[in-house]
Amino acid sequence: MERYFNTEGSCNPEEHYMVKLDRRLEQIKKMLVDRKKYFVINRGRQYGKTTTLRSLKKYLSEEYMVVSLDFQELGTAEFADEMTFARAFADIFVRTLEINAASGMKEMSEPLAKLSGNYDAGLKELFVQLSRLCSGSPRPIVLMIDEVDSASNNQVFVEFLALLRKYYLNRDETPIFHSVILAGVYDIKNLKLKLRPESEHQYNSPWNIAAKFKIDMSFSADQIAAMLEEYESDYHTGMDIHKMAEKIYQYTSGYPVLMSSICKYMDEDLPEEDGFDELGKAWTAEGVTRAVKAILADKMPLFESMIRHLDEYPAMKKMFQAILFEGIDFSYNPDTKEISLACMFGYAEERGGKVQIANRIFEMRLYNYFVPVRLIVAGEIRV
């Protein structure tokens with residue numbers, strides 16, 4: 001099977017052209033997992049979180065028992081109350097464990113499996129059984145939960161986190177997971193904020209045990225170049241690899257899905273257009289420019305999320321308008337709500353103590369969105 005550039009779902013190095021994650025996985029293992037840290041990977045949409053988790057699961061599997069869950073498997077009904085959630089969590093935990101179980105783990109997980117059919121058991125009993133399982137496991141258990149945003153408006157999930165925190169603090173006496181990794185767009189503080197918006201509760205998170213996740217999830221020009229080298233060895237386009245990588249980085253600042261989108265367009269779509277009738281002509285600076293133009297005109301999910309967030313958070317919208325049209329500088333302050341949200345969603349970042357739009361493509365897309373709106377407001381365009 002020929003590899004290709006993927007922009008839908010997670011990436012697999014056997015099927016897709018992708019940046020190598022070896023260094024990232026090594027850092028996560030050494031700095032976080034080996035040190036028994038509980039942490040959150042929260043980045044914007046399509047930032048490579050799921051791909052990283054799946055690669056990390058394989059990377060850790062020789063030394064750890066990794067149980068990787070996806071909260072998208074749980075519907076709203078499973079968060080109705082703690083008993084329902086406990087049964088649902090036990091069910092997906094055991095099913096996942098059995099797929100990758102070491103010798104003897106199936107027998108050890110039987111009490112937890114029985115809990116999935118116990119309508120009287122709640123979170124307390126769930127953690128008793130999880131603790132027993134962790135105590136008897138031949139290898140330390142690492143728990144991964146992807147798409148924690150699926151639980152973002154459920155009080156029972158906050159109660160689950162609170163119990164996880166309690167066991168974490170007492171794990172020298174009561175065994176529990178060696179490391180816990182949560183992944184999603186929203187960080188846990190913001191989950192709490194959404195649940196209890198009253199000012200006195202906004203920052204009262206049960207997840208204050210989490211270690212900071214400082215590992216860069218974006219890709220450098222050199223990393224992009226390494227990926228393009230693999231593509232070039234297959235297709236021999238004659239491209240200037242480092243020039244292409246730098247050009248792509250200039251537009252994307254290494255945002256994974258934007259980088260892949262440019263490459264995918266040049267590989268699959270551009271050779272169908274006039275003037276780019278072969279791959280050698282597509283993989284040029286002009287080809288990158290044409291690909292960016294096409295991406296800006298596309299209603300890709302990432303841009304749809306951006307526009308929705310602008311409507312949901314008017315203060316963030318005003319901040320971006322002020323940056324783009326009035327040249328106002330905003331000092332980076334993570335305690336300012338609109339700044340925190342913009343950075344959490346991946347639309348902005350801190351550079352030199354200032355809030356900057358994360359990349360040129362976001363900047364151009366925002367500008368294209370705001371200009372017609374401003375003209376309509378000014379009465380220069382009739383609707």
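The values are calculated or read from the model by the stated rules, or taken from the named source; none is laboratory data. Remember, predicted model here, so these are calculated numbers, not experimental data. Neighbour counts are summed over all protein chains in view; Cβ atoms, including those assigned to glycine, are modelled from backbone coordinates with ideal geometry. Protein only, heavy atoms only, side chains kept; ligands, DNA and RNA dropped before computing areas. Shrake-Rupley method; radii C 1.70, N 1.55, O 1.52, S 1.80 Å.
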Subset of the range 308-322, residues touching a residue at least 24 places away in the same chain (Cβ under 8 Å) and in contact with a Leu (Cβ under 9 Å, 6 or more places away or on another chain), comes to HIS309, LEU310, TYR313, MET316, PHE320, GLN321
Given (1) assigned to a helix (DSSP H, G or I); (2) open to solvent by 60 Å² or more (accessible area, probe 1.4 Å), TYR369 misses just (2)
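Looking only at the range 342-361, count every residue that is part of a helix (DSSP H, G or I) and without any contact (Cβ under 8 Å) to a residue 60 or more places away in the chain and tell me the total.
Residues meeting the conditions: 2.
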Restricting the range 234-281 to residues that are touching a Leu at 6+ places or on another chain (Cβ under 9 Å) and at pLDDT below 95, the one most open to solvent (accessible area, probe 1.4 Å) turns out to be LYS281
Residue pairs within 8 Å by beta carbon, gap of at least six or interchain, first lying in the range 218-237 and within 23 Å of CYS343 (Cβ to Cβ), second of a type in the set (Phe, Trp, Tyr) and not in a loop (DSSP other than H, G, I, E, B), listed first then second, are PHE219/TYR249; SER220/TYR249; ALA221/TYR249; ILE224/TYR249
Over the range 303-336, the set of residues farther than 18 Å from MET364 by Cα and under 20 Å from the mean Cα position of the chain (by Cα) is PRO334
The lone condition ILE295 fails out of (1) among the β-branched types (Val, Ile, Thr); (2) more than 27 Å from ALA245 (Cβ to Cβ); (3) in a helix (DSSP H, G or I) is (2)
Taking the range 7-23 and the residues there that are touching a residue at least 12 places away in the same chain (Cβ under 8 Å) and closer than 22 Å to TYR347 by Cα, the one that is least open to solvent (accessible area, probe 1.4 Å) would be VAL19
Looking for something more than 26 Å from HIS16 (Cβ to Cβ) and surrounded by fewer than 22 Cβ atoms within 10 Å (Cβ to Cβ) - is there at least one such residue anywhere in the range 48-63?
yes
Inside the range 106-145, the number of residues satisfying the requirement of being open to solvent by 10 Å² or more (accessible area, probe 1.4 Å) and closer than 20 Å to VAL40 by Cβ is 1
The number of residues in the range 282-302 that are hydroxyl-bearing (Ser, Thr, Tyr) and either open to solvent by less than 10 Å² (accessible area, probe 1.4 Å) or in contact with an Asp or Glu (Cβ under 9 Å, 6 or more places away or on another chain) (or both) is 1
Of the listed residues (VAL94, VAL19), the one being touching a Pro at 6+ places or on another chain (Cβ under 9 Å) and among the β-branched types (Val, Ile, Thr) is VAL19
Flagged in the range 65-75 as in contact (Cβ under 8 Å) with a residue 24 or more places away in the chain and open to solvent by 20 Å² or more (accessible area, probe 1.4 Å), in numbering order, are SER68, ASP70, GLN72
Is there a residue in the range 303-318 that is closer than 30 Å to GLU2 by Cα, open to solvent by 20 Å² or more (accessible area, probe 1.4 Å), part of a helix (DSSP H, G or I) and not basic (Lys, Arg)? no
